[in-house]
Amino acid sequence: MERPAWAPRSIDISVPSVARIYDYYLGGSHNFEVDREAARRAMQFIPGLPKIMQANRAFMRRAVEFALDEGITQFLDIGSGIPTAGHVHEIAQAARPGARVVYVDHDPVAVSHSQAVLEGNENADVVAADLRKPREILESPPVQRLLDLNRPVALLLVAILHFVEDADEPYKAVARLRDALAPGSLLILTHASYEGIPLPQERTRAAVDVYRDIRNPLIMRSREQIARFFEGYEMVEPGLVPLASWRPRTALEDEDPYAFSGFAGVGRTA
């Protein structure tokens, strides 16, 4: 397999990556055949996976615009993946040219491509780090340089927590990040769940098994379990709801049924 110029030499391009699989679902070009093969295997069981990812991205855009309307111009996007058109810095800086954005990901391709996209952008940067080590994120030079943690920040945990197993203490990591944020900060979160997927659960489990087989287990949590990540936050209306139901801009009856898979919500610190 020929290695493209954008792929860092340090990565094994024979191993699938969830960031590159997500890029494939969104119609991106920064993925390999091994990623596309894994995606197609999962889609055999859940053919609406691309629609779910599109609904996830659409929620992210609406939530970022909500944060801007609330006067927040600082964004910390953890598990940001490979930046495609309409990513956080593009949305935020189009509306507020001085908005500051720090992306965080542990996938080398995501970090490398983010660096290329952000070159020359003094108000955006990327950190190679892991959600499970919040202190490393908060003490990283880009966060220290760009974000004033004494002022409200929008923390994005979009489609990342369902890749963190309970043994890695995701609730504790989210709480540590919350405690570092100023009052008035926002948590913008999405999470996969069996609830809402318009298929029998045994078929959905078969797609989940694909992620387990590529050593990126997908942890499907219930609405109640996902709500625990918002402890210490006041939920913004309409609360924790299916992806397409959070402040929709089109009639819900016109939405694809897969757009209601998983949950999305925004919380505000007191």
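Taken along the Cα-to-beta-carbon direction at a fixed 7 Å, the label points for ALA85 and GLU37 span 3.0 nm. For THR269, the solvent-accessible surface computed with a 1.4 Å probe is close to 20 Å², ligands and nucleic acids excluded. Nonpolar atom fraction for the chain, defined as the carbon and sulfur part of the 1.4 Å probe accessible area, stands at 48 percent. Distance from the alpha carbon centroid of segment 224-270 to that of segment 80-153 works out to 24 angstrom. Along the chain, the exposed loop sites are GluC sites (Glu not before Pro) outside DSSP states H, G, I, E and B with at most 15 other Cβ atoms within 10 Å, and the longest stretch free of them is 3-69. Extents of segment 124-263, largest first, come to 46, 38, 27 Å (Cα atoms, principal axes, whole angstrom). Maximal additional length on extending the ARG215-GLN115 stretch stands at 33.4 nm, based on 0.36 nm per residue less the C-alpha distance.
Going by a ≥ b ≥ c, the root eigenvalues of the Cα gyration tensor, does segment 50-115 fall in the rounded group (a/c under 1.5), the prolate group (a/b larger than b/c) or the oblate group?
It comes out oblate by the Cα gyration axes.
Build a GNM of the chain with springs between Cα atoms under 10 Å apart, and of SER112, SER29, SER222 the one that fluctuates most is SER29. Scaling the Cα radius of gyration of the chain by the globular reference 2.2 N^0.38 Å produces a ratio of 0.95. Think of it as helices only: each DSSP H run of n ≥ 4 in the chain is worth -39500 (n - 2.57), and spread over all residues that comes to -11000 deg cm²/dmol at 222 nm. Inter-label distance, GLU237 to ASP256: 3.0 nm, where each label sits 7 Å from its Cα along the C-beta direction.
With the simple spin-label model, which puts each label point 7 Å out from Cα in the Cβ direction, the GLU70 to ASP168 separation comes to 2.6 nm. In the complete set of protein chains, residue-level accessible area for THR250 is approximately 80 Å², probe 1.4 angstrom.
Between VAL104, VAL15, VAL143, the GNM of the chain built on Cα springs shorter than 10 angstrom shows VAL15 fluctuating the most. Which of ALA192, ALA95, ALA39 moves most in a GNM of the chain, Cα contacts under 10 Å? It is ALA95. Per residue, the accessible area of segment 35-77 comes to 36 Å², computed with a 1.4 Å probe over protein heavy atoms only. Across ASP209, ASP77, the residue with the most accessible area heads the list, and the full order at a 1.4 Å probe is ASP209, ASP77. When HIS89, HIS106 are compared by accessible area at a 1.4 angstrom probe, the order from most to least is HIS106, HIS89.
The values are calculated or read from the model by the stated rules, or taken from the named source; none is laboratory data. None of the values given here were measured: they were computed from a predicted structure. Here Cβ is always computed from backbone atoms with ideal geometry, including for glycine, and neighbour counts include all displayed protein chains. Each accessible area value is taken on the protein alone, full model and side chains, heavy atoms only, with ligands, DNA and RNA left out. Shrake-Rupley method; radii C 1.70, N 1.55, O 1.52, S 1.80 Å.
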